[in-house]
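*Asks:* This structure is in structure tokens; I'll ask about it shortly.
The values are calculated or read from the model by the stated rules, or taken from the named source; none is laboratory data. All values reported here derive from a predicted model rather than from experimental measurement. Neighbour counts are summed over all protein chains in view; Cβ atoms, including those assigned to glycine, are modelled from backbone coordinates with ideal geometry.
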Amino acid sequence: MFLDILGNSIYYEIHGTGIPIVTIHGFSVDHNLMKGFIEKIIPRDNYQRIYFDLPGMGKTIIKNQIFNAEQMYNTIKCFINELIGNKRYLLIGESYGGYLMRKIIKDEPQKILGAMFVCPLIIPEIEKRNLPERKIIYNNISDGNIIESELYKCFIDSAVFSTEETLKEFEKDIFVGIKNGNDKHLSTYYEKGYSFIENVDDIVFPFDNPTLFIVGRQDHCVGYKDLNIVSGNYSRASICIIDEAGHNLQIEKTKIVEVLTLDWLDRVNRK
């Protein structure tokens, strides 16, 4: 389905009914990344899962160029308001989506029942990030045809735990979005307006609803050590640093992600 927001056609999917969960994927991928792991975990009878493609990514059609994070944020907020109005909701964000959703939490904490961050981008400027050394912990893929493929070369760039199973999940959930992105738009956006002008982590009061941070110890894309910059803003946060996991930990450590997600939902329900 498509929804016209500020002159752009936002592609979205809604699954189930119940408490709304708004998901925000990372940069240069699409909604399939979120849908791929969330649909395997979230109890389907109790939650309405909302997936959408950010402008310049996936199936969303750009008619009015979005040049910076402020315009991206306005689009997201208008989209959420159009779909769910004044309802309170949950947020799940991955990578750049975790950066964008911190702006939502800063501006409207009273509307957010709980927040879950998967490999969140903390510092937009890559040269300022505290990143671990690039390391592949495990790789059992040896087929020459696979290794020479465009898919594998894209996959191994961020992989930490490399198997045929994680490669298949990468192709289904992540590679499809990378292929469908508007490269020209994404390049311009990254160069001119990737980060907010204001500091999204400069908040007055800590967010006091159940929160979950899941990060990979070997994530050389956004890292994990910079979490200490934001963790004090979330008084009900569980923070899990997972070994043998990188920026795609949702496909590398699926069982751990499932347990942590269900625990987060239990905490939300008790709250």
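*Asks:* So which residues in the range 27-38 are of a type outside the set (K, R) and part of a helix (DSSP H, G or I), if there are any at all?
*Replies:* Correct list: H31, N32, L33, M34, G36, F37, I38.
*Asks:* If you don't mind, there's one more thing I want to ask. Just for helices (runs of 4 or more DSSP H) wholly inside the range 39-149: which have at least 1 residues that are surrounded by 24 or more Cβ atoms within 10 Å (Cβ to Cβ) and out of contact with any helix residue (DSSP H, G or I) (no Cβ under 7 Å at 6 or more places or on another chain)?
*Replies:* 96-107
*Asks:* Here's another thing I want to ask about it. Restricting attention to the range 153-162, report how many residues are under 19 Å from L249 (Cβ atoms), free of Cβ contacts under 8 Å to residues at least 60 places away in the same chain and either exposed (fewer than 12 other Cβ atoms within 10 Å of the Cβ) or of a type outside the set (G, A, S) (or both).
*Replies:* 4
*Asks:* Search the range 253-271 for residues that are more than 16 Å from L91 (Cβ to Cβ) and pair each with any residue that is part of a helix (DSSP H, G or I) and of a type in the set (S, T, N, Q) when their beta-carbon atoms are under 7 Å apart and the residues are at least 6 apart or on different chains.
*Replies:* V257/Q250
*Asks:* Which ones in the range 163-185 are among the acidic types (D, E) and without any contact (Cβ under 8 Å) to a residue 40 or more places away in the chain?
*Replies:* If the condition is that a residue be among the acidic types (D, E) and without any contact (Cβ under 8 Å) to a residue 40 or more places away in the chain, then E164, E165, E171, D183 are the ones that fit.
*Asks:* Are any of the residues in the range 186-193 buried (at least 16 other Cβ atoms within 10 Å of the Cβ), within 19 Å of F27 (Cβ to Cβ), among the aliphatic types (A, V, I, L, M) and touching a residue at least 40 places away in the same chain (Cβ under 8 Å)?
*Replies:* Yes, because at least one residue in the range 186-193 is buried (at least 16 other Cβ atoms within 10 Å of the Cβ), within 19 Å of F27 (Cβ to Cβ), among the aliphatic types (A, V, I, L, M) and touching a residue at least 40 places away in the same chain (Cβ under 8 Å).
*Asks:* Hey, among the residues in the range 210-232 that are touching a residue at least 40 places away in the same chain (Cβ under 8 Å) and assigned to a helix (DSSP H, G or I), which one's surrounded by the fewest Cβ atoms within 10 Å (Cβ to Cβ)?
*Replies:* Once the filter is applied, the top-ranked residue is I229.
*Asks:* Out of the range 42-57, which residues are at pLDDT 90 or above and under 22 Å from I84 (Cα atoms)?
*Replies:* Across the range 42-57, the qualifying residues are I42, N46, Y47, Q48, R49, I50, Y51, F52, D53, L54, P55.
For (1) among the β-branched types (V, I, T); (2) out of contact with any Leu (no Cβ under 9 Å at 6 or more places or on another chain), each residue gets a yes or a no:
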residue: N209; (1), (2): no, no
residue: L212; (1), (2): no, no
residue: V215; (1), (2): yes, no
residue: G223; (1), (2): no, no
residue: S231; (1), (2): no, yes
residue: I239; (1), (2): yes, no
residue: G246; (1), (2): no, yes
residue: I256; (1), (2): yes, no
residue: W264; (1), (2): no, no
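*Asks:* Is the range 7-14 home to any residue that is within 25 Å of L260 (Cβ to Cβ), hydrophobic (A, V, I, L, M, F, W, C) and not in a helix (DSSP H, G or I)?
*Replies:* Looking for residues that are within 25 Å of L260 (Cβ to Cβ), hydrophobic (A, V, I, L, M, F, W, C) and not in a helix (DSSP H, G or I), one finds at least one in the range 7-14, hence yes.
*Asks:* Tally the residues that are polar (S, T, N, Q) and within 18 Å of the chain's Cα centre (by Cα), restricting the search to the range 44-67.
*Replies:* Residues flagged as polar (S, T, N, Q) and within 18 Å of the chain's Cα centre (by Cα) within the range 44-67 amount to 2.
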